[in-house]
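Below: one structure, written as structure tokens.
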Amino acid sequence: MTTITKGAALRIALATKALPQVDPRAFTVKLAEHIGLPVTEEKLANFTVADLKLMITGEETIESDIDTAAIKLAVRFLWGDNGDDSDVPKPEAYVDGEMPGSLRVAVASNSADNLDGHFGSALRFLVYQVGKDAIRLIDVRPTLIADEAEDKNVARSELIDDCQIVYVQSIGGPAAAKVVRAGVHPIKFPQTGPAREALARLQATLDRPPPWLAKILGVEASSLARFAETEDSDA
């Protein structure tokens, strides 16, 4: 059995470059002890800043001879960020109220404008305004700062609490409860792909929204509307 995948090995190599005080071989061994074998990209994606501080120093409060910024950068590398933000899409200009009847939707993302992130480990949330006639990217929100919080799921929820919906590849039950508590409706969308493809499906339902979406929009659900039309025709 492979004890460390090729992708995970590359991430670890990048992380150790951000930590010049750390011996790469010793770091890899200690990391394997911490997360267990085999070492995979999936396990590294759930590794936090607090985990790395604890692993290196024996305590979550970082010691003065280790640069906190370097720790954060190393964690980004472990998550799969190669340090190049050139593929991250740029937000478009938007003024609140500019798209009446639209929804604000967050998308968990690790690369470009893709929906390819898990709620608890995505590198960023792409925030879109979705209306009947347009889908507009209005913000890009890195999540690293949330992982400094005592409860990172609460912090991530607060990061998107101005949104009505969040699309994720996956989300655990406790995290989903915290998202709902923040007033955001989580939607699991396991397929990796361009965020706009998933949002286009949502956009197509805005004229006749299903009950769950009608409740978010504050309008009558399409099923109820059809029932009302039948009642009127029988009158």
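Computed values, structure above
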| item | result |
| --- | --- |
| Single residue of the stretch 112-140 satisfying the filter (of a type in the set (Lys, Arg) and surrounded by fewer than 18 Cβ atoms within 10 Å (Cβ to Cβ)) that is nearest to the chain's Cα centre (by Cα) | 136 |
| Per-region count, the stretch 35-47, residues assigned to a loop (DSSP other than H, G, I, E, B) and either in the same structural domain as residue 124 (by TED's automatic domain parsing) or surrounded by fewer than 18 Cβ atoms within 10 Å (Cβ to Cβ) (or both) | 5 |
| Residues of the stretch 94-107 satisfying the condition of being in contact with a Lys or Arg (Cβ under 9 Å, 6 or more places away or on another chain) and in a loop (DSSP other than H, G, I, E, B) | 94, 98, 99, 101, 102 |
| Checklist (1) out of contact with any strand residue (DSSP E or B) (no Cβ under 7 Å at 6 or more places or on another chain); (2) surrounded by 12 or more Cβ atoms within 10 Å (Cβ to Cβ) applied to residue 32, failing item | (1) |
| Residue list for the stretch 165-181, restricted to those being within 17 Å of residue 199 (Cα to Cα) and buried (at least 18 other Cβ atoms within 10 Å of the Cβ) | 165, 166, 167, 168, 169 |
| Failed condition for residue 106, given (1) free of Cβ contacts under 8 Å to residues at least 12 places away in the same chain; (2) crowded, with 19+ Cβ neighbours inside 10 Å | (1) |
| Enumerated strands (runs of 3 or more DSSP E) restricted to the stretch 125-208, each holding at least 3 residues that are within 25 Å of residue 90 (Cβ to Cβ) | 135-142, 165-168 |
| Test for residue 149: is it surrounded by 20 or more Cβ atoms within 10 Å (Cβ to Cβ) and over 18 Å from residue 193 (Cβ atoms) | no |
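The values are calculated or read from the model by the stated rules, or taken from the named source; none is laboratory data. Quick caveat: nothing in here was measured; it's all calculated off a predicted structure. Quick reminder, even Gly has a Cβ in these numbers, built from the backbone with ideal geometry, and neighbours come from all protein chains shown.
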